[in-house]
Amino acid sequence: MGNWISYAGEVYGIYIRDAAQQVLVADNIILANPGADLTRALSAYTDSIVVRGNLLNYTERWAVNPLNINGVYTLVVPDIADAVSISQSSAQVASIVTAQAQATAGQIVYCKLISGGVNYSHATVSFSGAGVNAAATAWISGGSILGIQMSNNGTGYGPGTTVMINGDGSGASAIVQVGLPVWQNRKLTVDCLSNVTFAAAGSTPVLSNWTNAPITVPGGASIDWIGDNGGWRAMQFCQRDYVSPNGDGSVTLRTQAGDISLHPAGNGAVRLLSDTEPMGAVELIGRGPPVNIISAPPGSTFRNLNG
């Protein structure tokens with residue numbers, strides 16, 4: 001926190017491994033020297049980290065555009081970044097991942113200890129799954145496994161990968177993480193310099209929002225994402241799918257599919273009014289004739305649902 005960090009070549013600026021817990025990376029100034037890989041400013045193989053307020057080469061917002069990666073329109077963002085900007089997008093964004101998450105796809109990034117067990121003096125670690133070459137070492141103290149250190153992350157692993165701890169003790173267990181997860185409560189602001197649509201159904205990691213439908217952020221507006229249960233949730237955003245200002249002071253209400261419903265509470269009505277007619281007129285619905293029952297301004301209408 002609050003450090004000046006300089007790195008060059010293929011080394012990492014900030015390097016965190018083996019599921020270190022409750023990590024804070026904040027308010028650092030990171031300088032990548034000429035030739036340095038900018039995606040290596042932060043490499044954190046953990047699920048318990050807060051990243052905020054860091055500057056890489058004094059840049060607060062990184063310009064990135066979505067790319068088609070294996071048929072999925074993907075936004076790849078720097079791990080260190082709090083905010084990025086998109087200048088163009090030719091299809092719905094269906095995935096948001098960090099650069100390190102993209103690089104570690106199919107790798108076992110860490111093993112997280114569930115139980116240290118008892119009576120160990122030595123132990124070996126092995127993995128089962130579709131991948132190859134992953135290797136790790138178990139660290140022991142006082143007869144219990146303290147942690148598992150990856151020495152080779154392997155390749156080609158996927159769902160169902162498990163870790164086995166064998167030795168002269170008993171009770172040790174751990175889980176594996178294949179590929180970097182979206183960090184819980186990780187915040188990312190995306191500035192949209194042109195219209196950008198974010199998919200909902202089928203997105204990986206999940207891109208969820210309260211509408212449960214794709215959302216289009218208009219050019220000149222932003223969307224704030226937050227890491228939530230392994231995916232992203234739209235925390236707040238401007239969108240033009242339902243309410244669209246037209247630039248001349250007018251506005252358009254529309255749907256992505258289906259009807260528009262206006263639902264006044266109780267016996268309320270839909271009222272149409274203007275600056276010159278502040279009382280306006282109302283649109284009413286009910287059952288039976290309205291005569292001597294309902295009063296309304298001149299020009300109002302009543303629809304009898306009984307026919």
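The figures follow:
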| read-out | value |
| --- | --- |
| Which listed residue, of 90, 43, is assigned to a loop (DSSP other than H, G, I, E, B), of a type in the set (S, T, N, Q) and not assigned by TED's automatic domain parsing to the domain that holds residue 157 | 90 |
| Residue in the stretch 30-37 that is part of a strand (DSSP E or B) and either within 19 Å of the chain's Cα centre (by Cα) or under 23 Å from residue 230 (Cα atoms) (or both) present | no |
| Where residue 274 falls short, out of the listed (1) small (Gly, Ala, Ser); (2) in a loop (DSSP other than H, G, I, E, B); (3) within 33 Å of the chain's Cα centre (by Cα) | (3) |
| Unmet criterion (only one of (1) small (Gly, Ala, Ser); (2) over 24 Å from the mean Cα position of the chain (by Cα); (3) not in a strand (DSSP E or B)) for residue 173 | (3) |
| Residue in the stretch 50-59 that is touching a strand residue (DSSP E or B) at 6+ places or on another chain (Cβ under 7 Å), outside any loop (DSSP other than H, G, I, E, B) and buried (at least 18 other Cβ atoms within 10 Å of the Cβ) present | yes |
| Complete set of residues in the stretch 186-212 that are of a type in the set (Ser, Thr, Tyr) and either more than 14 Å from the chain's Cα centre (by Cα) or on the phi > 0 side of the Ramachandran plot (or both) | 194, 197, 211 |
| Every pair of residues 6+ apart whose Cβ atoms lie under 6 Å, when the first sits in the stretch 174-203 and is touching a residue at least 12 places away in the same chain (Cβ under 8 Å) and closer than 28 Å to residue 48 by Cβ while the second is among the acidic types (Asp, Glu) and part of a strand (DSSP E or B) | 189/224 |
| The one condition in (1) touching a Cys at 6+ places or on another chain (Cβ under 7 Å); (2) buried (at least 19 other Cβ atoms within 10 Å of the Cβ) that residue 225 fails to fulfil | (1) |
| Members of the stretch 111-149 that are out of contact with any strand residue (DSSP E or B) (no Cβ under 8 Å at 6 or more places or on another chain) and in a strand (DSSP E or B) | 141 |
| Test for residue 84: is it farther than 29 Å from residue 147 by Cβ and surrounded by 14 or more Cβ atoms within 10 Å (Cβ to Cβ) | yes |
| Any hit, the stretch 102-120, residues being of a type outside the set (D, E, K, R) and closer than 26 Å to residue 214 by Cα | yes |
| The one condition in (1) assigned to a strand (DSSP E or B); (2) buried (at least 17 other Cβ atoms within 10 Å of the Cβ); (3) not basic (Lys, Arg) that residue 68 fails to fulfil | (2) |
| Lone unmet requirement of (1) out of contact with any helix residue (DSSP H, G or I) (no Cβ under 9 Å at 6 or more places or on another chain); (2) assigned to a loop (DSSP other than H, G, I, E, B) for residue 96 | (2) |
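Every residue, every condition in (1) assigned to a strand (DSSP E or B); (2) among the small types (Gly, Ala, Ser); (3) surrounded by 12 or more Cβ atoms within 10 Å (Cβ to Cβ); (4) in contact with a Pro (Cβ under 6 Å, 6 or more places away or on another chain), yes or no:
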{"position": "211", "(1), (2), (3), (4)": "no, no, yes, no"}
{"position": "234", "(1), (2), (3), (4)": "yes, yes, yes, no"}
{"position": "260", "(1), (2), (3), (4)": "no, no, no, no"}
{"position": "292", "(1), (2), (3), (4)": "no, no, no, no"}
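The values are calculated or read from the model by the stated rules, or taken from the named source; none is laboratory data. Worth saying up front: this structure is predicted, and the values here are computed from it rather than measured. Backbone-built Cβ (ideal geometry, glycine too); neighbour counts: all protein chains shown.
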